[in-house]
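Report on the structure given below.
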Amino acid sequence: MQFAHLHFDHIPVVLAPMEDVTDLAFRLICKRHGADIVYTEFVSSEALIRDIRGAINKMRILDEERPIGIQIYGNKVESMVQAARIVEQAEPDLLDINYGCPSKHVAGSGAGSGLLKTPELMEAITRGVIDAVNLPVTAKTRLGWCDGQINIVEIARMLERCGIQVLTIHGRTRSQKFKGQANWELIGTAKQAVQIPIIGNGDVVSPENARTLLDVAGVDGVMIGRGAYGRPWIFKQTKHFLQHGEILPDPELAERVEVLFEHLALSIQFKGERRSALEMGKHYGNYLKGVRNVKHLKAALRSLSSYDEIHSTITRFIRQFGIEEIEAPPTLPEPLLQGV
Ligand SMILES: Cc1cc2nc3c(=O)[nH]c(=O)nc-3n(C[C@H](O)[C@H](O)[C@H](O)COP(=O)(O)O)c2cc1C
């Protein structure tokens, strides 16, 4: 399977870009558990060209994550062209353009999925970005603006003509946001209309879902977003199922907690203890889903900010389930890329 210059000997399973989720630590964890390609969260082209630190930091990547795509969004050709040149200096493997974000702030200003309503501007941005860089350019979009305006076939054909090398399609319209069921059949209709590789996305939360999406839509790759929350091993499980038809069991609680600690340690390495403690709050519950009394643990963790305190609180909590030993970094390694 050829994705731009990247070759895979199996159907690639890709980590979706997700704002405030797919930071460096989460991407590394997913990579270590089998993700074939990872994407940064979207980065504002306007913020990049104004050299805003938060935006620049979102582009910091490590070799261990490769292949990685940096995703940008915007509603002006010139800003997107300039931003693409800035992205090129960060040396990702792919540059991805966001034509899918449904939020009022982004789509409402004519960027993200807002561009589905102005295909001429989408085309001008796409051509501008592709001409500006030597990187392979990919795009991610939705089926259309709303049920009455589904234009994914025209959009996919236009993006292919422009030179987009891989297209990811989230099987929802902008109006649906994240509600309802992703329509995999319509992803398949678009796949039939073009030659470039298509990655199918939306509602894949199990290896079996990935198989069905591939069967229904005939796509070349599968992208997983929310299904990887607290379950980064879903990438390995999915690839194993697609290749061998066998479901690998979910890890036991002790292993899940090990991965949680690894994720926390990475997050602290990149962002420092205080910020990580705040940001990791959303991940604890996902790693410990279904565990008795986890509500109390989450409440207790909310007031903690040091790795040692968090480590010992979680270690104490899981003793009630007979788990005494956790293989986890007892102390933190040296900080890396502080301030990301
Ligand atoms: C919290 C969150 C943030 C997201 N941020 C982005 C983003 O920055 N760029 C993007 O292209 N899509 C973004 N998405 C959409 C996902 O990439 C994906 O298309 C969507 O969640 C459907 O896939 P899933 O059902 O596997 O989660 C985001 C989704 C979520 C839930």
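Quick one: which residues, 5 or more positions from Trp145 or on another chain, have an amide H under 5 Å from its amide H? H modelled 1.01 Å from N in the peptide plane, none for Pro or chain starts.
So Trp145 has HN proximity to Asn151, Arg174.
Write down the accessible area per residue of the chain in Å², having rolled a 1.4 Å probe over the full set of protein chains.
Counting only protein heavy atoms, the per-residue value for the chain is 43 Å².
Placing +1 on the Cβ of each Lys and Arg and -1 on the Cβ of each Asp and Glu in the chain, which of Ala277, Asn293, Trp184 has its Cα farthest towards the positive end of the resulting dipole?
About the Cα centre, the residue reaching furthest to the positive side is Asn293.
Rounded to the nearest 20 debye, what is the charge dipole size of the chain about its Cα centre when +1 sits on each Lys and Arg Cβ and -1 on each Asp and Glu Cβ?
Working: 39 positive and 41 negative charges, 238 e Å.
Using only the charged Cβ atoms, the result is roughly 1140 debye.
For Arg161, Arg66, Arg27, give the ranking by accessible area with the largest first, probe 1.4 Å.
Descending order: Arg161, Arg66, Arg27.
Taking only Cα atoms and a 10 Å spring cutoff, compute GNM fluctuations for the chain and point out the largest among Gly227, Gly171, Gly281.
Among Gly227, Gly171, Gly281, the largest mean-square fluctuation in the Gaussian network model of the chain belongs to Gly281.
Tell me which residues come under 5 Å, amide H to amide H, from Glu41 once H is placed; ignore anything under 5 positions away on its chain.
For Glu41, whose amide H was placed from the backbone, the distant partners under 5 Å are Met18, Thr22.
Rounded to a whole number, what % of the accessible area of the chain do carbon and sulfur atoms account for, probe 1.4 Å?
Percent of accessible area from carbon and sulfur atoms in the chain: 49.
Hey, what D do you get for region 2-244 in µm²/s if you plug the Kirkwood alpha-carbon radius into Stokes-Einstein at 37 °C and 0.692 mPa s?
Using the Kirkwood radius from Cα pairs, D works out to 188 µm²/s.
PRE reach from Glu325 (point 7 Å along Cα→Cβ): which of region 255-286 fall under 20 Å by backbone N?
Only 255-262 fall inside the zone, counting backbone N under 20 Å.
For a Förster distance of 25 Å, can you work out the FRET efficiency between the beta-carbons of Asp63 and Asn286, rounded to the nearest 0.05?
0.40
Have a look at Ser175, Val43, Gln195 and report the one farthest towards the positive end of the charge dipole of region 2-244, computed about the Cα centre with Cβ charges (Lys/Arg +1, Asp/Glu -1).
Working it through, the farthest residue towards the positive pole turns out to be Ser175.
Among Thr126, His244, Leu6, whose Cα projects farthest towards the positive end of the dipole of the chain, with charges put on the beta-carbon of Lys, Arg (+1) and Asp, Glu (-1)?
Toward the positive end, the furthest listed residue is Thr126.
Among 99-106, 267-274, 217-224, how do they line up by average Cβ neighbours within 10 Å per residue, starting with the highest?
Listed from highest to lowest mean packing, they are 217-224, 267-274, 99-106.
Quick check: the distance between the Cα centres of region 51-112 and region 249-282, to the nearest angstrom?
So the separation of the two Cα centres works out to 26 Å.
Given labels modelled 7 Å from the Cα in the Cβ direction, how far is it in nm from Arg157 to Lys104?
Calculated label separation equals 3.6 nm.
The values are calculated or read from the model by the stated rules, or taken from the named source; none is laboratory data. This is a predicted model, so every value here is computed, not measured. Here Cβ is always computed from backbone atoms with ideal geometry, including for glycine, and neighbour counts include all displayed protein chains. Accessible surface areas use protein heavy atoms only, side chains included; no ligands, DNA or RNA. Shrake-Rupley method; radii C 1.70, N 1.55, O 1.52, S 1.80 Å.
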